[in-house]
Amino acid sequence: MKTPNLQGRSLLTLLDYSPEEIRFLLDLSKQVKDEAKAGEKKARFSGCTLAMLFEKRSTRTRCAFETAFGEEGGHPVFLSTQDIQLGAKESIEDTARVLGRMFSAIQFRGFKQSTVEALAAHSGVPVYNGLTDRFHPTQALADIMTFQENFGQVTGKTLCFVGDGRNNVARSLMVICSKLGIHFTVVTPPELNPGAEFLETCGALAAESGGKISVSGDTGAVSGAHALYTDVWASMGEEDKKTEREALLAPYQVNAALMEKTGRSDAVFLHCLPAVRGEEVTADVIDGPKSRVWDEAENRKHTIKALMLATLGALDDRS
Ligand code: CP
Ligand code: NVA
């Protein structure tokens, strides 16, 4: 099969990527990880610049982009909304036009999906969504890389998200699973259902890939899952909903009893992090032998490097 050419592409949501393109990025991520483990030093981003725009806080995403780009000779520039005019004194469109004249690519983390879309539409350079209220696509790449490291061929395996079924992480997982033929179950109360329209979109993609998407309010639906995944109960920007979410989601905590309900002794636990021990997950699970969260966090860097190599046309070793 022809190698997909992603040069010049943005990643705003994985809905824009074909299953072949996603598989290509996952294969490239493995290659990048192997190179890192072998201690190979390369300079494939030499002469390139990356604008890193942050409206929200970040540890993993910022560090993954910054180290992946910088260690290969690129120059990343961190710009929080405290520092620049983004959407305050200057429109997103004008900021995009200016950044596009100075940078090879732009990373954006913030609130609205429409902001990252506007940056891509007006900058003329690849734009990477490092999390919006709606999607977290680079997270989903790292999640599936980790899933694959544990179970090999992921098509036909089952991933189960337990918690806030309409948040950015749950939605992005639903997209990637529906593209790759991974059975994806969301276990969430009816109030946090991902929504009929989005379910229909992903359901149609899953029908093409051989996957199955389902939503249940019953924790018994974790039965047979190869992995249980959870995320914080109140995402960034929803701090005022904390009490309400605690009441809704307390029955959906991932604990040893829920891991047991999968019925699989090889089931693993995944979490995008940061985690709140004692809320969405118990300490014995996240810190226990079934947890793969640190591999998952490390894989953020390998998948993000692979994405930037492919979209910046930097796959040839210029070291
Ligand atoms: N998982 C994730 O995106 O972590 P940060 O918020 O620390 O970037
Ligand atoms: N759903 C979480 C993910 C953090 C990585 C949030 O948006 O805060």
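The values are calculated or read from the model by the stated rules, or taken from the named source; none is laboratory data. It should be emphasised that the depicted structure is a prediction, and the values quoted were computed from it without experimental measurement. Note that we place each Cβ from the backbone using ideal geometry, even for glycine, and neighbour counts take in every protein chain shown. The accessibility values were calculated without ligands, DNA or RNA, using every heavy atom of the protein model including side chains. Shrake-Rupley method; radii C 1.70, N 1.55, O 1.52, S 1.80 Å.
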Next on the checklist: Sequence gap at least 6, Cα distance under 8 Å: using those rules, report the relative contact order of the chain to the nearest whole percent.
Outcome noted: 22 percent
Next on the checklist: Rounded, prolate or oblate, given the Cα gyration tensor of the range 164-284, with a/c below 1.5 counting as rounded?
Outcome noted: oblate
Item to check | the range 1-118 - Rg and Dmax from Cα coordinates, angstrom | outcome: 15.6, 48
Item to check | Sites residue 315 and residue 241, calculated FRET efficiency, Cβ-Cβ separation with R0 41 Å, nearest 0.05 | outcome: 0.45
Checklist entry - Can you list the HN-Hα couplings for the range 196-202, worked out from phi with the Karplus curve (6.51, -1.76, 1.60; θ = phi - 60°), rounded to whole Hz and with x for Gly and Pro? => result 4, 5, 5, 5, 5, 4, 6
Checklist entry - Which of rounded, prolate, oblate describes the chain, given a ≥ b ≥ c as roots of the alpha-carbon gyration tensor eigenvalues and a/c under 1.5 marking rounded, otherwise prolate only if a/b is larger than b/c? => result prolate
Next on the checklist: Sort 218-226, 102-110 by the packing proxy (mean of other Cβ within 10 Å over each peptide's residues), most packed first.
Outcome noted: 102-110, 218-226
Checklist entry - Quick one: accessible area per residue over the range 206-319, 1.4 Å probe, rounded to a whole number of Å²? => result 43 Å²
Checklist outcome for this item: Counting only residues 5 or more apart in sequence or on a different chain, those whose built amide H sits under 5 Å from that of residue 213 are 184
Checklist outcome for this item: So the angle from the long Cα axis of helix 113-123 to the longest Cα principal axis of the chain, reported in degrees to the nearest 10, equals 20 degrees
Item to check | Neighbourhood charge, 12 Å Cβ-Cβ cut-off, centred on residue 10 and excluding it, Lys, Arg +1 and Asp, Glu -1 | outcome: -1
Checklist entry - Please state the Cα pair-distance histogram of the range 230-281 with 5 angstrom bins from zero: what percent is in each bin? => result 4, 19, 28, 22, 14, 7, 4, 1
Checklist outcome for this item: Residues meeting the amide H criterion for residue 136 (H placed from the backbone, H to H distance under 5 Å, 5 or more places apart or on another chain) are 172
Item to check | For the range 310-315, Karplus couplings with θ = phi - 60° (6.51, -1.76, 1.60), whole Hz, Gly/Pro x | outcome: 5, 7, 8, x, 10, 6
Item to check | Cα shape, the range 132-223, gyration tensor, a/c 1.5 rule | outcome: rounded
Checklist entry - Among 89-101, 28-40, 156-168, 227-239, how do they line up from the highest to the lowest mean number of other beta-carbon atoms within 10 Å? => result 156-168, 227-239, 89-101, 28-40
Checklist outcome for this item: Which residues qualify? For residue 107, with a placed amide H closer than 5 Å and at least 5 residues away or on another chain, they are 51, 52, 53, 128
